[in-house]
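J.: The structure's right below; bear with me while I get my questions together.
The values are calculated or read from the model by the stated rules, or taken from the named source; none is laboratory data. Just so it is clear, the structure is predicted and the values come from calculations on it, not from any experiment. Methodologically, a virtual Cβ is constructed for each residue, glycine included, from the backbone with ideal geometry; neighbour enumeration extends over all protein chains shown. Calculation scope for accessible area: heavy atoms of the full protein, side chains included, ligands and nucleic acids excluded. Shrake-Rupley method; radii C 1.70, N 1.55, O 1.52, S 1.80 Å.
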Amino acid sequence: MSAVSVLAAVALLAGCSAAGTAGSGGSHGSSDPVKVGVVYSRTGLLASYGAQYAQGFKAGLDYATHGTGKVNGRRVEVTYEDDAGDPAKAVAEGKDLIGKGYRILAGTTDSGVALQMAPLAAQNHALYISGAAATDAVTGINRYTFRSGRQSYQDILTAGTMLGSLKGKKITVLAQDSTFGQANVAAVKAVLGAKGAKVGSVLAPPSATDLTPFARQTKAGGPDLVFVAWAGSTASALWTALDQQGVLDSGKVVTGLAGTASYSAFGPGADKVAFLAHYFPGAGGENPVEQAMIDGVTKAGGTPDLFSPDGFTAAQMIVHAIAAGSADDTSAMVKALQGWSFDGPKGHEQIRAADHALLQPMFRARLTKGKPVLVATEPTAKVAPPVQHMKG
């Protein structure tokens with residue numbers, strides 16, 4: 001994940017050994033606390049996203065338990081562990097928590113981490129709710145794994161809505177010639193190309209600092225839409241080049257709106273860029289749940305941002321799984337979440353029973369004077385990912 005990207009290149013899980021037998025033991029007494037382990041990036045490259053998630057989670061737990069911190073009379077005891085963005089460290093912490101009797105795990109801002117935590121949960125019959133990790137591979141990976149954020153497919157479908165009918169439209173993906181950039185090209189071809197768009201690409205070496213030639217090449221192709229997926233410190237230089245070479249004036253340019261800290265990277269041409277957005281404060285129309293999240297995060301000294309809803313929604317899901325299922329029976333918690341429909345910070349959401357995709361609205365925005373302004377809300381059905389076969 002990066003300031004102006006909507007996808008992450010991820011590695012598939014090579015293997016992971018089982019640890020413990022969470023979910024297979026007997027029932028605890030009604031007064032025992034419910035142990036929840038949150039494994040997230042408190043440090044590392046995604047620490048700012050991890051902070052947003054954790055702040056949202058705490059606000060969501062307070063909201064969902066009506067300020068009591070209890071579900072069905074049992075206290076929810078949360079342990080926070082730092083994975084530092086390292087899949088091996090995350091798995092080690094997950095194993096340790098499971099070995100200590102934790103049946104519920106949540107967190108994860110990194111796709112690579114999520115793809116290793118999900119099999120661990122399945123092996124040990126533990127409920128796992130992935131957070132901001134956007135990789136589509138989490139959806140349908142196994143019956144024990146859910147997600148509290150959006151996935152990449154929803155991002156790309158949101159971008160596609162900016163062109164109306166895609167048949168015959170020319171889309172250029174502007175990215176770096178890296179695994180990350182190539183994954184973006186492949187994803188846009190798979191999603192929007194399948195709807196009739198002609199998808200090409202302009203790829204710059206990751207080491208390039210003079211990005212003017214690539215801006216010129218993009219403009220020369222005459223695309224109907226330029227889809228920008230850019231990672232790293234050269235983002236400001238890229239947007240300056242696109243503005244100076246007239247790319248931002250010659251057609252529609254779209255990219256993902258990341259956290260507040262990224263807004264300045266777009267420079268003076270920011271108001272010419274169309275943004276697809278997972279979330280920004282106010283995007284939910286200040287519905288009661290969104291307002292509760294904003295108030296809760298702010299009261300605790302945090303700042304609501306891109307991934308605050310992912311943490312908040314995870315807490316909502318956990319509380320519902322315990323209340324409608326059983327904290328001592330993972331299968332009951334899974335069943336309680338499958339098909340559950342609820343109001344979240346973004347609006348009305350639903351967990352699809354078939355593959356555990358989190359169906360949710362997505363947003364289109366623009367930056368005006370350095371602040372995001374809502375342009376449109378794309379309804380849940382319009383940006384729903386295709387149903388995946390449940391793999392395990």
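J.: Using the Karplus curve 6.51 cos²θ - 1.76 cosθ + 1.60 with θ = phi - 60°, what ³J(HN,Hα) values do you get for each residue of the range 149-158, in whole Hz, with x for Gly and Pro?
T.: So the Karplus estimates, Gly and Pro as x, are x, 8, 10, 4, 4, 5, 4, 5, 4, 5 Hz.
J.: Putting +1 on Lys and Arg Cβ atoms and -1 on Asp and Glu Cβ atoms, find which of Gly85, Thr303, Val383 reaches farthest to the positive end of the dipole of the chain.
T.: Highest projection toward the positive end goes to Val383.
J.: Compute the accessible area per residue over the range 217-293, keeping the other protein chains in place, probe 1.4 Å, unit Å².
T.: 35
J.: Given charges of +1 on the Cβ of Lys and Arg and -1 on the Cβ of Asp and Glu, with all other atoms neutral, how large is the dipole of the range 39-140 about its Cα centre, in debye to the nearest 20?
T.: Computed charge dipole of the range 39-140: roughly 440 debye.
J.: Here's another thing I want to ask about it. From the square roots a ≥ b ≥ c of the eigenvalues of the alpha-carbon gyration tensor of the range 206-265, which class results: rounded (a/c under 1.5), prolate (a/b over b/c), or oblate?
T.: Oblate.
J.: OK, next. Any chance you could give the angle, 0 to 90 degrees and rounded to 10, that helix 47-64 forms with the longest Cα principal axis of the chain?
T.: Computed tilt is about 50 degrees.
J.: Where the only charges are on Cβ atoms (+1 Lys, Arg; -1 Asp, Glu), what is the dipole of the chain about its Cα centre, to the nearest 20 debye?
T.: Roughly 840 debye for the chain.
J.: What GluC sites (Glu not before Pro) does the range 276-368 have in DSSP loop regions with at most 15 other beta carbons within 10 Å?
T.: Filter output for the range 276-368: Glu286.
J.: Now, a different point. Which shape class applies to the chain: rounded if a/c is under 1.5, otherwise prolate when a/b exceeds b/c and oblate if not, where a ≥ b ≥ c are the square roots of the Cα gyration tensor eigenvalues?
T.: Judged from the Cα gyration tensor, the chain comes out prolate (a/c at least 1.5, a/b above b/c).
J.: Another one. To the nearest 10 degrees, how steeply does helix 235-244 sit against the main Cα axis of the chain, on a 0 to 90 scale?
T.: Long axis of 235-244 versus the principal axis of the chain: about 30 degrees.
J.: While we're on this one: Quick one: work out Rg over Rh on the C-alpha atoms of the range 122-278, Rh as Kirkwood radius.
T.: 1.01
J.: For the chain, find the longest principal axis of its Cα atoms and tell me its angle to the long axis of helix 179-191, 0 to 90°, nearest 10.
T.: The two axes meet at around 90 degrees.
J.: Given Val188, Gly149, Phe342, which one lies farthest toward the positive end of the charge dipole of the chain, if we put +1 on the Cβ of every Lys and Arg and -1 on the Cβ of every Asp and Glu?
T.: It is Val188, whose Cα lies furthest towards the positive end.
J.: Related question: Please give, to one decimal in nm, the separation of the simple spin-label points placed at Asp295 and Thr179, each 7 Å out from Cα toward the Cβ.
T.: It works out to 4.5 nm between the two label points.
J.: For the range 384-392, what does the Karplus curve 6.51 cos²θ - 1.76 cosθ + 1.60, with θ = phi - 60°, yield as ³J(HN,Hα) per residue in whole Hz, taken in order and with x for Gly and Pro?
T.: Result, rounded to whole Hz: 6, x, x, 5, 9, 6, 5, 8, x.
J.: Counting only heavy atoms of the protein chains, get the accessible area per residue of the range 130-180 (1.4 Å probe) and round it to a whole Å² value.
T.: Ligands and nucleic acids excluded, the result is 24 Å² per residue.
J.: A follow-up question, please. Output wanted: per-residue J couplings in Hz (rounded whole) for the range 300-316, from phi through Karplus 6.51 cos²θ - 1.76 cosθ + 1.60, θ = phi - 60°, x for Gly and Pro.
T.: 7, x, x, 10, x, 7, 3, 10, 4, x, 5, x, 4, 5, 4, 5, 4
J.: Along the charge dipole of the range 120-226, which of Thr158, Ala137, Ala208 sits closest to the positive end, that is, farthest toward it, with unit charges on the beta carbon of Lys, Arg, Asp and Glu (+1, +1, -1, -1)?
T.: Selected residue: Thr158.
J.: Rounded to the nearest whole Å², what accessible area per residue is found for the range 317-392 with the 1.4 Å probe?
T.: 42
J.: Ok, one more. Report, by chain and number, residues whose modeled amide H sits under 5 Å from the one on Gly344, excluding near sequence neighbours (fewer than 5 apart, same chain).
T.: Amide H to amide H, under 5 Å and 5 or more residues apart or across chains, Gly344 pairs with Glu349.
J.: Something else: Holding the Cα-Cα limit at 19 Å, pick out from Lys219/Lys272; Lys195/Lys391; Lys167/Lys346; Lys167/Lys382; Lys167/Lys219 the pairs that are longer than that.
T.: Beyond 19 Å between Cα atoms: Lys195/Lys391; Lys167/Lys346; Lys167/Lys219.
J.: Please state the charge dipole magnitude for the range 94-197, taken about the Cα centre, from unit charges on C-beta atoms (+1 on K and R, -1 on D and E), reported in debye and rounded to the nearest 20.
T.: So the dipole magnitude of the range 94-197 works out to roughly 340 debye.
J.: Which shape class applies to the range 20-138: rounded if a/c is under 1.5, otherwise prolate when a/b exceeds b/c and oblate if not, where a ≥ b ≥ c are the square roots of the Cα gyration tensor eigenvalues?
T.: Since a/c reaches 1.5 but b/c is at least a/b, the shape of the range 20-138 is classed as oblate.
J.: Find, among the trypsin sites (Lys or Arg not before Pro) in the range 322-385, those assigned to loop by DSSP (not H, G, I, E, B) with at most 12 other beta-carbon atoms within 10 angstrom.
T.: Qualifying residues, ordered by number: Lys369.
J.: May I pose another question? Name the residues whose placed amide hydrogens come within less than 5 Å of the amide hydrogen of Val199, ignoring near sequence neighbours (fewer than 5 apart) on the same chain.
T.: Ile171
J.: Can you send over the carbon and sulfur percentage of the accessible area for the chain, probe radius 1.4 Å, protein chains only?
T.: 52
J.: Among the aspartates and glutamates, which have Cα under 14 Å from the Cα of Lys170 when same-chain residues fewer than 8 positions away are ignored?
T.: List returned: Asp224.
J.: Using alpha carbon centroids, what distance separates the range 233-247 and the range 300-360, in Å?
T.: 39
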